[in-house]
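The values are calculated or read from the model by the stated rules, or taken from the named source; none is laboratory data. Since the model is a prediction, treat every value here as computed from it, not as a measurement. Cβ placement follows ideal geometry from the backbone for every residue including glycine, while neighbour counts extend to all protein chains displayed. Side chains are part of the model used for accessible areas, which takes the heavy atoms of the whole protein and leaves out ligands, DNA and RNA. Shrake-Rupley method; radii C 1.70, N 1.55, O 1.52, S 1.80 Å.
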Amino acid sequence: MAHVFVAGALVGYGVARARRRARAGGDDAGDVDDAPRATKTDDDAPKKRPIVVYMDGCFDTMHYGHANALRQARACGDKLLVGVVNDAEIRRCKGPPVCDERERVEAVEACKWVDGVITDVPYEVTDAFTDELFAKHEVDYVIHGDDPCLLPDGSDAYAYPKRIGRYKEIKRTEGVSTTDIVGRLLRMGARAAGEEVKEEEAKEATFCTTSARIAQFGTNAGVPTDAKVVYVHGAFDVFNRGHIDLLRQAKTRGDFVLVGVHADAEVRARRGAEHPVLNEKERALSVLACRYADEVVIGAPAMITNDLLTTFNVKVVIAEDDEPYAVGGVDVNALAVERGLYERVPRRHDCSVLGVAKRIMENRAEFEARNARKTKSESAYYAEKKHVAES
Ligand code: CTP
């Protein structure tokens, strides 16, 4: 199986040490605490070796729960390497993925806490694969959320790194999951097809957004005085490669990307009662986790106002070719156009919430079966969950 190392940020240190530890592997859980953190240079000054941590996963319909897992994993070391499980393995172990491997890899790469990505990894963290992580990628610890990760035969996918003491756990983010988002999209698809969705199935978002969480995701820097501020606004619902590309393009137009995440009421008024799938705080967190976004306005108005342009010292407003729309008969970007601040950028990916919902509805039976299974195990997890502190 091929493992492609996408980002090159993790080379050049501790190879001998990693090999030694890989050889030592299996026999001693104490190896973790033994791991030297320094090597000697010629002038005898101790030089710290970065701790490399590894987290893998499916990262399907990548959401802020995944981003928060990556944030916590990154805080367990100095460099975070992420393994993205391939489509065939997801199908075998969990059921059909919503997003294909290329989309999932792009979403992980765009996360600001990620230093490198390995593609095409197996679901099971086997002895051979774990040894390869230690030796080839110089990984110190394997990290996973505190939810059980079981193989189809019921065994623990992380048994080996646990056994040898090279495993750390982070707290899973409550209230969001791929299952939950797929459930919301299934209900959207069913309603769009004219079906009646029972109230008890129409689960509200349960994620509790705290100011601490927003601060952890944000830069805490504010808009720098002399920065060329680029403003880009929209719903950013079910964050996807189209959004990532738009933010990437925004970053090339200035120094600071300010993202207006439209208020729920605005999105509902424009797109209909089933929208948005994620509320404005959930959508803002996904945007903030993206390496191309510097700051968000949570619950931004759809209409660009003089106040908004002046408050944030906006120099450029960008939108994709086909994006402008009107509120009350007025183009939402009219003021930016009038002031000469408006720039259009190409739409390079045809992604939309409805497009994702359509994929799910096309394989509805499979997704419903997968969700029924996952909902059962998620309920069991919530019934038995214990407090785990965040890093
Ligand atoms: N994760 C998390 N919080 C969530 C969802 C996922 O901390 N709400 C963590 C998982 O524990 C894992 C990593 O994110 O360490 C990747 O998860 P993934 O393999 O994508 O699968 P799931 O755990 O099934 O996530 P989801 O239910 O959202 O598909």
**Prompt:** Considering only segment 99-113, how many residues are touching a helix residue (DSSP H, G or I) at 6+ places or on another chain (Cβ under 7 Å), buried (at least 22 other Cβ atoms within 10 Å of the Cβ) and either among the β-branched types (Val, Ile, Thr) or assigned to a loop (DSSP other than H, G, I, E, B) (or both)?
**Reply:** 1
**Any chance ASP237 is open to solvent by 30 Å² or more (accessible area, probe 1.4 Å), part of a loop (DSSP other than H, G, I, E, B) and either of a type outside the set (S, T, N, Q) or more than 24 Å from ARG71 (Cα to Cα) (or both)** = no
**Whichever residue in segment 76-98 is farther than 22 Å from ALA369 by Cβ and away from the ligand (no atom under 13 Å from the Cβ) and, among such residues, is surrounded by the fewest Cβ atoms within 10 Å (Cβ to Cβ)** = ASP78
**Request:** Find the residue count for segment 120-157, including only residues that are farther than 24 Å from THR173 by Cβ and β-branched (Val, Ile, Thr).
**Result:** 2
**Asked** Among VAL287, VAL277, VAL259, which is the only one that is buried (at least 19 other Cβ atoms within 10 Å of the Cβ), among the β-branched types (Val, Ile, Thr) and more than 20 Å from TRP113 (Cβ to Cβ)?
**Response** VAL277
**Item:** Subset of segment 207-221 [closer than 15 Å to VAL259 by Cβ and either at pLDDT 90 or above or over 18 Å from the mean Cα position of the chain (by Cα) (or both)]
**Value:** ILE214, PHE217, GLY218, ALA221
**Item:** Output for segment 114-172, where each listed residue is away from the ligand (no atom under 15 Å from the Cβ) and assigned to a strand (DSSP E or B)
**Value:** GLY116
**Prompt:** Considering segment 305-339 alone, what residues qualify as being open to solvent by 40 Å² or more (accessible area, probe 1.4 Å), in a loop (DSSP other than H, G, I, E, B) and closer than 25 Å to GLY222 by Cα?
**Reply:** THR305, PHE312, ASN313, ARG339
**Prompt:** Hey, among the residues in segment 148-168 that are of a type in the set (D, E, K, R) and touching a Phe, Trp or Tyr at 6+ places or on another chain (Cβ under 9 Å), which one's most open to solvent (accessible area, probe 1.4 Å)?
**Reply:** LYS168
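Every residue, every condition in (1) free of Cβ contacts under 8 Å to residues at least 12 places away in the same chain; (2) outside any loop (DSSP other than H, G, I, E, B); (3) among the polar types (S, T, N, Q), yes or no:
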site	(1), (2), (3)
THR179	no, yes, yes
THR206	no, no, yes
THR209	no, no, yes
ASP226	yes, no, no
TYR231	no, yes, no
LEU247	no, yes, no
LEU258	no, yes, no
VAL261	no, yes, no
GLU266	no, yes, no
**Request:** Give the residue that is surrounded by the fewest Cβ atoms within 10 Å (Cβ to Cβ), with candidates limited to residues of segment 340-358 that are assigned to a helix (DSSP H, G or I) and among the small types (Gly, Ala, Ser).
**Result:** GLY355
**Prompt:** Quick one: how many residues across segment 69-102 are closer than 18 Å to ARG172 by Cβ and of a type in the set (D, E, K, R)?
**Reply:** 3
**Fill in**
Of (1) modelled with pLDDT of 90 or more; (2) more than 16 Å from the ligand (Cβ to nearest atom), ALA193 fails just (1)
